[in-house]
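These notes are about the structure you will find just below.
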Amino acid sequence: MCGIVGYVGPQQALDVVVEGLRRLEYRGYDSAGVALVTADGLATDKRAGKLANLDKALAENPPPPATSGIGHTRWATHGAPNDVNAHPHLSRGGEVALVHNGIIENFAELRDELERSGTELVSETDTEVAAHLLQRAYDALPAGQGRLAEAMREVCRRLEGAFTLVAVHRDEPDTVVGARRNSPLVAGVGTAEFFLASDVAAFIAHTREALELGEDQVVEIDRERGITVTGFDGRPAQAREYHVDWDASAAEKGGYAWFMLKEIAEQPAAVADTLRGRLTDGGEIVLDEVRLSDEDLRDVDKIFVIACGTAYHAGLVAKYAIEHWTRIPCEVELASEFRYRAPVLTRSTLVVAISQSGETMDTLQAIRHARGQRARVLSICNTNGSTMPRESDAVLYTRAGPEIAVASTKGYLTQLAACYLVGLYLARVRGVMYGDEVSAIVEQLRRTPRLIERTLARMDAVRALGRDLATAPTVLFLGRHVGYPVALEGALKLKELAYIHAEGFAGGELKHGPIALIDDGTPVVVVVPSPRGRNVLHGKVVSNIQEVRARGARMIVVAEDGDTAVEPYADEVIRVPQVPTLLAPLVTSVPLQVLACAIADARGNDVDQPRNLAKSVTVE
Ligand code: F6R
């Protein structure tokens with residue numbers, strides 16, 4: 001939520017900053033702005049709306065050259081998304097420019113203090129307060145090296161809430177200063193040039209060497225002095241160095257109309273990468289990043305899976321697999337609700353937190369709550385250098401690569417793969433499954449990337465269906481067992497991308513109320529379980545299909561190859577390859593992603609940047 005970029009080095013700062021903002025625009029697109037330290041002072045421009053508006057303004061009125069600068073792309077919290085509230089915000093005399101991600105919770109009191117001492121604030125934002133405070137702190141310090149960083153530390157000590165701040169000062173053309181608390185910030189280390197950003201995508205075209213900054217740290221990037229990291233208290237602090245294992249091309253559209261389409265297409269490889277090296281030929285599961293001992297895991301008597309949105313749906317699937325394989329009770333909770341209901345947590349509780357970004361504030365706070373109660377936390381995360389892995393007892397990285405489209409696709413599928421690995425690992429460690437049973441599932445898992453690929457190869461009819469459904473006012477999704485979370489995920493994708501009312505239901509629940517929604521022609525997408533294996537489920541879902549159809553619904557059925565029993569009741573059948581029941585979401589989710597994307601596209605929506613949303617939700 002909000003993308004931030006800072007740069008100092010030999011290149012034209014404007015080019016680097018705007019390019020960085022382009023790569024971060026998925027984090028927020030309510031407004032965008034830049035501030036550059038030029039020979040004539042600070043040059044700023046900021047515009048409501050997408051980055052294209054800023055681009056146009058800068059092209060019409062190019063700022064003077066500069067070798068340091070900052071930029072921001074906003075997801076509005078305080079104040080409407082207009083030009084005035086756009087970042088950067090300037091101090092009263094225009095000496096300091098500052099950008100911010102997060103919410104300063106004590107801003108009202110600080111604003112009051114500033115106003116009482118005669119500072120006039122021009123915007124409705126909490127951010128502007130920090131800009132004025134920074135200028136005040138700077139003015140009160142003696143001239144000398146590190147003055148802006150010291151002023152930043154002073155300000156941060158006064159702020160409450162979550163914030164990443166990045167600032168420049170008119171008189172310090174070689175320095176950019178950043179700070180973070182509960183909000184992401186990474187530094188990039190190039191050759192004689194340095195970067196600050198909300199995530200590495202902003203500077204990946206320039207360097208793949210990054211520094212992960214910790215909580216309550218201030219970082220100064222300076223052309224001469226390089227990078228200096230301290231705590232808010234001024235003490236030198238350590239930041240972990242890491243190498244980003246993907247390059248700029250991974251964050252490009254690569255010929256696809258939308259990032260989402262590219263990311264959907266990347267799913268077979270992303271799932272294969274997530275499994276790679278973690279499944280031995282002997283059926284052993286190797287989770288090298290899990291830092292909990294086998295003994296710790298043998299003690300686990302309760303599992304909570306916590307996550308938000310799409311990751312929560314991955315967690316719902318995980319519950320079926322984990323309970324089935326380990327026989328440990330497993331609950332799945334929305335991270336935003338978890339800590340507010342005082343869940344029962346002990347040292348023997350394992351909390352599995354799932355997050356693509358590793359920065360979702362609701363999930364992060366739930367992790368902190370769980371660890372505060374002595375529970376162990378294992379994070380499933382896609383983003384190296386993000387906060388969640390650092391704050392967990394163990395981490396299993398999904399290897400989806402950068403996910404740029406706001407709607408998660410490959411992030412979700414790799415989360416599913418990682419959940420299966422965790423389930424099998426626990427089952428093995430606790431001795432509740434024999435080696436050959438694990439090997440058999442491992443073999444099935446290994447086949448899934450190819451099955452996802454085969455599913456993707458059949459999507460023409462789904463795209464055509466998408467165009468046909470573009471004017472539907474409502475679409476319902478039904479599923480049972482692991483098909484239920486798939487239905488929820490199908491509905492979420494459609495809501496967020498197409499802005500169509502969509503809801504997912506457990507097939508059995510329909511008759512308890514939601515069936516009243518069915519009208520003549522209402523499209524209902526049903527995720528049908530395999531008739532092989534748990535046959536009883538299949539029969540029940542076929543009955544559900546008939547109940548809905550009898551009320552006039554248009555039945556769109558997702559069914560595996562060879563399932564002919566559904567044909568008499570389906571208006572459309574979307575075929576997927578045969579997959580063992582528990583692993584089926586890895587393929588049945590795919591047509592629903594394609595369908596949502598096609599409907600949104602047909603409606604003329606921005607598929608990658610749906611309205612009101614942003615990737616990486618860093619506020620509660
Ligand atoms: C929907 C979507 C969101 C995220 C949710 C959690 O397509 O992407 O629902 O899944 O905001 O995000 P992460 O996984 O980054 O914690």
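The table below gives the values:
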read-out	value
Hypothetical label at Asp294: residues of the range 319-335 whose amide nitrogen lies under 19 Å (7 Å Cα-Cβ projection)	326-328
Peptides 329-335, 507-513, 257-263, 32-38 ordered by average Cβ neighbours within 10 Å, highest first	32-38, 257-263, 329-335, 507-513
Nearest-ten-degree value, helix 410-429 long axis tilted from longest Cα axis of the chain	70 degrees
Relative contact order of the range 282-441, pairs being alpha-carbon contacts under 8 Å that are 6 or more residues apart, as %	29 percent
J(HN,Hα) series, the range 231-244, from Karplus relation 6.51 cos²θ - 1.76 cosθ + 1.60, nearest Hz, glycine and proline x	x, 4, 7, x, 6, x, 10, 8, 10, 6, 8, 8, 9, 7
Rounded if a/c under 1.5, otherwise prolate or oblate - the range 442-572, Cα gyration tensor axes	oblate
Shape of the range 3-251, Cα gyration tensor, a/c cut at 1.5	rounded
Rg(Cα) / (2.2 N^0.38 Å) computed for the chain, rounded to two decimals	1.00
For the range 277-421: rounded, prolate or oblate by the Cα gyration tensor [a/c cutoff 1.5]	rounded
Estimated vicinal HN-Hα couplings, Hz - the range 566-575 in sequence order (Karplus 6.51, -1.76, 1.60; Gly, Pro = x)	7, 4, x, 10, 9, 7, 9, 10, 9, 8
Peptides 190-200, 379-389, 267-277 ordered by average Cβ neighbours within 10 Å, highest first	379-389, 190-200, 267-277
Proximal lysines relative to Lys495, as straight alpha-carbon distance under 16 Å, when same-chain residues fewer than 8 apart are discounted	Lys615
Alpha carbon convex hull of the range 279-359, volume per residue in cubic angstrom	124 Å³
Phi-based couplings in Hz for the range 245-256 (Karplus 6.51, -1.76, 1.60; Gly and Pro marked x)	9, 10, 10, 4, 4, 5, 9, 10, 6, x, x, 7
Crossing angle, helix 309-326 versus the chain [Cα axis fit, 0-90 degrees, rounded to tens]	50 degrees
The chain: angle of helix 147-158 to the longest principal axis, Cα-based, in degrees nearest 10	60 degrees
Where GluC sites (Glu not before Pro) fall in DSSP loop in the range 100-170, at most 10 other Cβ within 10 Å	Glu120
Protection proxy ranking, peptides 39-45, 173-179, 2-8, average beta carbon neighbours within 10 Å, highest first	2-8, 173-179, 39-45
Approximate spin-label separation Leu334-Glu215, in nm, with each point projected 7 Å along Cα-to-Cβ	2.5 nm
Residues of type lysines that Lys511 reaches as a straight line, Cα spacing below 19 Å, ignoring anything fewer than 8 places off in the same chain	Lys540
Eligible aspartates and glutamates near Lys319 by straight Cα distance, threshold 18 Å, same-chain separation 8 or greater	Asp301, Glu331, Glu333, Glu337, Glu489
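Just so you know, all these numbers are worked out from the coordinates, no wet-lab data involved. Keep in mind that what you see is a predicted model, and the values were worked out from it rather than measured. Note: ideal-geometry Cβ built from the backbone for every residue, glycine included; neighbour counts use all protein chains shown.
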